[in-house]
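Accompanying notes for the structure given below.
The values are calculated or read from the model by the stated rules, or taken from the named source; none is laboratory data. The model shown is predicted, which means the values in this text are computed figures rather than measured ones. All Cβ positions, glycine included, derive from the backbone under ideal geometry; neighbour counts span all protein chains shown. Side chains are part of the model used for accessible areas, which takes the heavy atoms of the whole protein and leaves out ligands, DNA and RNA. Shrake-Rupley method; radii C 1.70, N 1.55, O 1.52, S 1.80 Å.
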Amino acid sequence: TAPRDEQRHPWYAGHGYASVRVDVRGHGNSRGMPGDEYDEQELADGVAVVEWLAAQPWCSGRVGMFGISWGGFNSLQIAARAPEALKAIVTVCSADDRYDNDVHYMGGSVLAVDMHAWAATMLAFVCRPPDPTHVGDDWRRMWLDRLEAVEPFIHTWLAHQSRDDYWRH
């Protein structure tokens with residue numbers, strides 16, 4: 001995301017907006033262990049980030065979110081929780097139904113190309129090491145702990161082939 005961030009963040013700052021990139025717990029340079037896509041911890045963390053941003057002295061108390069794909073769907077789910085400070089979201093190429101119109105199933109059938117490709121992409125993303133420049137000398141231990149905790153999403157998705165509580169949240 002760095003090439004996009006290098007374009008967006010300065011533009012936003014030049015127009016009076018603070019813009020913050022946030023990694024999901026256990027991904028990128030964040031601490032903690034990775035969880036499932038859009039799990040309760042991720043969404044609770046998202047609400048906490050909105051509240052933290054709103055409380056900063058450089059913030060007006062009004063927060064917006066934007067995202068493409070995962071970030072867009074994450075924005076929709078956090079908006080559904082209605083944190084008071086969240087005033088706007090912009091979501092692009094995201095879904096409002098993970099089961100039926102995302103990358104998993106269509107009409108109960110596995111979207112073979114999309115589901116497997118997305119699962120492989122996410123496995124690669126979560127297995128990348130954190131950057132020692134940002135997390136310090138502890139990066140290797142963080143990375144190895146993260147690798148031990150990784151559960152490929154495909155296992156969970158294929159274990160839930162019908163619209164059940166897993167997909168409904």
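Brief remarks follow.
- Cα long-axis angle, helix 139-149 against the chain (0 to 90 degrees, to the nearest 10): 30 degrees
- ASN101/VAL47 FRET efficiency (R0 35 Å; Cβ-Cβ; nearest 0.05): 0.90
- Charge dipole of the chain about the Cα centre (unit charges at C-beta), most positive-ward option of ILE89, HIS169, SER30: ILE89
- Segment 1-20 and segment 46-123 have Cα centres separated by 19 Å.
- Charge dipole magnitude, Cβ of K and R +1, D and E -1 - segment 1-99, Cα centre, debye nearest 20: 400 debye
- Rolling a 1.4 Å probe over the heavy atoms of the protein chains gives the chain an accessible area of 60 Å² per residue.
- Here the accessible area is traced with a 1.4 Å probe on the protein chains. For the chain, carbon and sulfur cover 56 percent of it.
- Computed from Cα positions, the angle between helix 70-80 and the longest principal axis of the chain comes to roughly 80 degrees.
- Close amide H contacts of LEU111 (hydrogens built in the peptide plane, cut-off under 5 Å, sequence separation of 5 or more or a different chain): TYR105, MET106.
- If you sort the three axes of the alpha carbon gyration tensor as a ≥ b ≥ c, you get a/c of 1.5 or more for segment 74-169 and a/b no higher than b/c, which makes it oblate.
- In terms of packing, defined here as the mean over residues of other Cβ atoms within 10 angstrom, the peptides 135-148, 76-89 line up highest first as 76-89, 135-148.
- Cα-based helix-to-principal-axis angle, 112-126 vs the chain, degrees rounded to 10: 50 degrees
- Helical runs (DSSP H, four residues minimum) scored at -39500 (n - 2.57) apiece and divided by the length of the chain put the mean residue ellipticity at 222 nm at -14000 deg cm²/dmol.
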